[in-house]
Amino acid sequence: MRESKRNVILDAAVTVIESEGITAVTFDSVAAAAGITRGGIIYHFPSREDLIAAIHEHMARLWEDQLEAACGKTADEATATERLVAFIRLASTPATRAEVQMILDSHHTENQNVWDRVLRRWAPRPQPTDDEAYTLALLAADGLWVNDVLGSTRIPPQQRHDTAERIIDLIRKN
């Protein structure tokens, strides 16, 4: 399977999700968005389930790439605080419709593991023994990230950045 065609198809599928939602992902809609034939999609992804699973992997990989760029190193090379700071800084960039829909779609399916692996590396969910600042920082970052998709009032970019830095201050003071 040629990686370049595969990425073209997956990027086109994300475009379809972004504009029309996950239910609009069909072989025909993705083929039209990718500029290739329906058969070309089926060649790479024999079923819609295969395509959806690959979209989850693709988007989670892109998300991890963004986290590494925000951190300046891989999760394995970074400290726990550096990973969390990168996660919070990335949260200052609004979630896309496609990201939110794919994460929601993954819940209670085999695709949830794809997203959970990234989250476990970069921002493990709070445990009862974690300090309160860690829990507050994660909840605030999650809220900041999804606000523009779910909220009624968009937050201006500078205010998003400033809010992320205040969240980071919460964890650095501890």
Does the stretch 161-173 contain any residue that is surrounded by fewer than 14 Cβ atoms within 10 Å (Cβ to Cβ) and either of a type in the set (A, V, I, L, M, F, W, C) or more than 18 Å from Phe87 (Cβ to Cβ) (or both)? no
For the structure I just gave you, tell me whether Ala53 is under 16 Å from the mean Cα position of the chain (by Cα), closer than 18 Å to Arg117 by Cα and buried (at least 16 other Cβ atoms within 10 Å of the Cβ). yes
Among the residues of the stretch 46-60, is there at least one that is at pLDDT below 95 and either aromatic (Phe, Trp, Tyr) or out of contact with any Cys (no Cβ under 7 Å at 6 or more places or on another chain) (or both)? no
Is it true that Leu90 is more than 29 Å from Glu20 (Cβ to Cβ), part of a helix (DSSP H, G or I), in contact (Cβ under 8 Å) with a residue 12 or more places away in the chain and touching a helix residue (DSSP H, G or I) at 6+ places or on another chain (Cβ under 8 Å)? no
Matching residues, the stretch 64-79, being in contact with a helix residue (DSSP H, G or I) (Cβ under 6 Å, 6 or more places away or on another chain), of a type outside the set (D, E, K, R) and in a helix (DSSP H, G or I): Gln66, Leu67, Ala70, Cys71
Six or more apart or on different chains, Cβ under 6 Å: which pairs go from a residue in the stretch 27-50 that's over 11 Å from Lys5 (Cα atoms) and not assigned by TED's automatic domain parsing to the domain that holds Ala12 to one that's assigned to a helix (DSSP H, G or I) and at pLDDT below 95? Could you list them? none
The one condition in (1) loosely packed, with under 14 Cβ neighbours inside 10 Å; (2) in contact (Cβ under 8 Å) with a residue 24 or more places away in the chain; (3) acidic (Asp, Glu) that Glu77 fails to fulfil: (2)
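The values are calculated or read from the model by the stated rules, or taken from the named source; none is laboratory data. What you see is a predicted model, and the numbers here were worked out from it, not measured in a lab. Virtual Cβ from ideal backbone geometry, glycine too; neighbours counted across all protein chains shown.
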